[in-house]
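None of the figures in this text is laboratory data; all of them are computed from the coordinates on show. A quick note: this is a predicted structure, and the numbers were derived from the prediction, not measured. Quick reminder, even Gly has a Cβ in these numbers, built from the backbone with ideal geometry, and neighbours come from all protein chains shown.
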Amino acid sequence: MTLSYILSSLILPPTSLVLLTLVGLLLLKRSRGFAIALIAVSQLTLLLLATPAIANALARTLEPAPLAAGGMLGAQAIVVLGGGRNRGAPEWGGETVNKFTLQRLRYAARLARESGLPLYVTGGKPDGGEFAEGTLMGTALVSEFAVQVRWIDTAANTTWENALMAAQDLKPQRIERVVLVTSALHMPRSRRAFEQAGFSVIPAATDYMGQRPFAPYQLVPGPDALHQPHQALREWLSGLYYTIRGN
């Protein structure tokens, strides 16, 4: 886990809201009215963010339209961004791709079969471990999806580095228009990074979180829904950071 992920875990919900509740408890004797208000607001916000209907709405603010039929015309390669590793997988020899990366690989394999375009996978090992994400991705595509991989980057540890390494590897081969595969929430920031690295990008998003048809159960808070607001808010903050630093 990179420093940015550690910091985002602390300043974004649900951790930040739990910390605000604890601060409120500590202030009960000193400023009872303010403390009760702080506890109430933080807990109500936590409850709202844990409501699937609200979590889905937040996700939809970032998720682009899916790749349209015929949308890959003119593309020269498919670039797949890693979404993380599972380093506690004894059934796979200790390390394998996690569920987010697996969704991206599955979609990329389908697109590669449909288009015949070569595949580029990218991902390092920001939190250590034995195998880089790119290595694991390449192995999974070949052994589980029967799709060959032409290029494997094992050095990039961030989205921005994914774009830089892809430019370093593909631009000398005059590859400038790529189909970019990543999770829907991650696509706006990823597309920006690749465009700023000089690519013409065709977004091919997968792993949509906010597109489920409404059902009454989505009004009932639950722990699973909290992942979406955290990811959405992290993407918004990361996009703001990219804008501030000029990348």
Antiparallel DSSP beta bridges within the chain, percent to nearest 5:
15 percent
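Using the per-residue mean of other Cβ atoms lying within 10 Å as a proxy for protection, in what order, highest first, do the peptides 42-51, 9-18 fall?
42-51, 9-18
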Filter the trypsin sites (Lys or Arg not before Pro) in segment 1-87 to those in DSSP coil with at most 16 other Cβ atoms within 10 Å of their Cβ, and list the result.
K29, R30
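Sum -39500 (n - 2.57) across every DSSP H segment of at least 4 residues in the chain, then divide by the residue count to get the 222 nm mean residue ellipticity, nearest 500. Let's see the in-between values first.
Working: 9 runs with 119 residues, N = 247.
One gets -15500 deg cm²/dmol as the mean residue ellipticity at 222 nm.
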With no solvent and one equal point scatterer per Cα, compute the Debye intensity ratio I(q)/I(0) for segment 77-206 at 0.14, 0.15, 0.19 Å⁻¹ and report its log10, rounded to two decimals.
-0.53, -0.61, -1.00
Over all distinct alpha-carbon pairs, what is the Kirkwood Rh of segment 1-121 in angstrom?
18.6 Å
Trypsin sites (Lys or Arg not before Pro) within segment 162-247: DSSP coil, no more than 15 neighbouring Cβ in 10 Å:
R174
For K125, counting only lysines whose alpha-carbon sits under 28 Å away and dropping same-chain residues fewer than eight positions off, the answer is K99, K171
Taking just the alpha carbons, could you work out the radius of gyration and Dmax for the chain, both in angstroms?
20.2, 68
Binned at 5 Å starting from 0, the alpha-carbon pair-distance distribution of segment 135-247 in whole percents comes out as 2, 10, 16, 19, 19, 14, 10, 7, 3, 1, 0
Of V80, V97, V142, the one that fluctuates the most in a GNM where the chain has Cα springs shorter than 10 Å:
V142
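Can you give me the relative contact order of the chain as a percent, contacts being Cα pairs under 8 Å and 6 or more apart?
Details: 403 pairs, mean separation 63.8, N = 247.
26 percent.
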If amide H atoms are modeled at 1.01 Å from N in the peptide plane, then the residues at a separation of 5 or more from N86, or on another chain, having amide H under 5 Å from its own are T96, V97, N98
